[in-house]
Amino acid sequence: MKCKLSVIAGLGLLASLALPMGASATPILGSETLTIGVGNAELVNAGYLGPYATLQIDLLTPKTAMVTMTGLDSYMLGGGGSVALNTGGGSATATNFSWTGGKNSGGGIHTGYASPQSGGGVVSDFGHFNLKISGNGAYSCAVDSLTFTLTDTSSTLWNSVDDVLVANADGYEAGAHIFTKDGVVSGFAGNGGDDPAPVPEPGTMMMLGAGVLSLAIYGKRRRNV
């Protein structure tokens, strides 16, 4: 019995050490990264090919998620339809916007993200999305990445990260208004292409390692009894 209790206590101690100092104990229920890799004619015909951006979704509760859209390589996002999402349940709101880099890194763009277009809208060739977030201006206010809190306002629950977004009638879950960093071309893109493989949280890896080590110690002690 002492060996079993020591294993459990050891796991609990190592799990607590896995959290950074001052970090919240609120767990992320699941994470998913989508590749925004399918461009419309304006981008593709000008020779600007994907992938254009990634969309990171971290499910915090069955009603809220943290979402970050990040432009890749020579691409930014902004203007009308900066980010378009088709959320599970059919209705959601976006709040608490922050951004990095881009043309207006000193401020100002946040005023354009205060009121997402109500009821969503159509984004180029990618169909209708039930939430469309638009910013002030276009290239002059484009950014490298945009982060916000997504809150489900429907009667359903997001029981897993896979429930946060669903495909629309055209097969797309997310879209973005893409600008080249040189300002020459802009167009729209939808999710598609090779999505990055999910990476386990550092705390999860430490707990798994602790579990394997504790089981090995427990087995050795049993053999020595």
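The values are calculated or read from the model by the stated rules, or taken from the named source; none is laboratory data. Keep in mind it's a predicted model, so treat the numbers as computed, not measured. No Cβ is skipped: glycine too gets one built from the backbone with ideal geometry, and neighbour counts run over all protein chains shown.
The table for this structure:
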| item | result |
| --- | --- |
| Residue selected from segment 111-139 under the condition in contact with a helix residue (DSSP H, G or I) (Cβ under 9 Å, 6 or more places away or on another chain) and modelled with pLDDT under 75, by the criterion surrounded by the fewest Cβ atoms within 10 Å (Cβ to Cβ) | GLY137 |
| Yes/no for GLY79 being out of contact with any Lys or Arg (no Cβ under 9 Å at 6 or more places or on another chain) and closer than 18 Å to LEU131 by Cα | yes |
| Hey, ALA94 among the hydrophobic types (A, V, I, L, M, F, W, C) and part of a loop (DSSP other than H, G, I, E, B) or not | no |
| Segment 81-96: number of residues that are over 17 Å from GLU32 (Cβ atoms), surrounded by fewer than 18 Cβ atoms within 10 Å (Cβ to Cβ) and not polar (S, T, N, Q) | 1 |
| Residue within segment 192-200 that is more than 30 Å from ASN96 (Cβ to Cβ), surrounded by 14 or more Cβ atoms within 10 Å (Cβ to Cβ) and modelled with pLDDT under 90 present | no |
| Condition met for GLY108 (modelled with pLDDT under 85 and farther than 16 Å from GLY190 by Cα) | yes |
| Boolean, SER74 is polar (S, T, N, Q) and at pLDDT below 90 | no |
| Filtered residues of segment 29-42 (kept if within 12 Å of the chain's Cα centre (by Cα) and among the hydrophobic types (A, V, I, L, M, F, W, C)) | LEU34, ILE36 |
